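Below: the structure, in structure tokens.
Bear in mind these aren't lab numbers, they're just calculated from the coordinates by the rules spelled out. As the structure is a computational prediction, the values presented were derived from the model and not from experiment. Reconstructed Cβ throughout: ideal geometry from the backbone, glycine too, with neighbour counts over all protein chains shown.
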């Protein structure tokens with residue numbers, strides 16, 4: 001699929017076919033995340049794949065936004081492996097994890113798999129339920145599967161702010177609200 005077509009047609013899928021993703025499809029999505037850029041190439045990302053009926057039932061204890069997806073990827077980062085900006089100590093790992101999730105989301109779209117980026121989950125419950133070590137931080141959940149034929153983007157999907165409201169050149173000279 002052409003990149004521009006993939007990004008224009010991608011939407012948050014909230015209704016999936018009732019069939020698991022094949023392992024080779026999961027691997028393609030994971031490879032996209034594996035090769036994503038990270039701060040100083042520290043690669044702090046950790047990805048938990050949930051694709052069994054048991055793990056997907058457990059996921060429902062952590063979020064109402066599972067959409068009965070047949071697969072989910074919990075993208076996390078290792079706090080001990082993050083690059084820190086020397087000026088203020090900001091960690092790159094949360095951004096790294098977001099980049100990894102974005103690569104995975106776009107590869108999924110590219111190969112015909114729908115996803116929905118979910119941040120509405122209980123991180124403490126996620127850690128407890130899936131035995132996630134203390135130094136690993138969950139950032140994003142990508143629920144994934146083959147879109148149901150009735151799946152559609154939400155009505156607000158097409159709403160995009162004008163470019164002049166979000167893009168600035170050289171300085172933020174205009175009043176930013």
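A full extension of the chain between residue 61 and residue 90 corresponds to an added length of 7.3 nm, given 0.36 nm per residue minus the alpha carbon distance.
Put in line by how crowded their Cβ is, counting other Cβ atoms within 10 Å and starting with the fewest, 67, 168 read 168, 67.
If both residues of a DSSP beta bridge must be in region 3-166, then about 95% of such bridges are antiparallel.
Taken as Cα centroids, region 53-100 and region 123-177 sit 12 Å apart, rounded to the nearest whole angstrom.
Peptide packing for 123-136, 101-114, 12-25, 69-82 was compared via the average number of neighbouring C-beta atoms within 10 Å per residue; ordered from the highest value, the list is 69-82, 101-114, 12-25, 123-136.
A helix-only calculation puts the chain at -9000 deg cm²/dmol for mean residue ellipticity at 222 nm, using -39500 (n - 2.57) for each DSSP H run of at least four residues, averaged over all residues. Principal axis analysis of the Cα atoms in region 3-166 yields extents of 49, 46, 28 Å, listed in decreasing size.
By the count of other C-beta atoms within 10 Å, a proxy for reagent exposure, 29, 35 are ordered fewest to most as 35, 29. Listed by Cβ neighbour count within 10 Å, with the fewest neighbours leading, 63, 115 appear as 63, 115.
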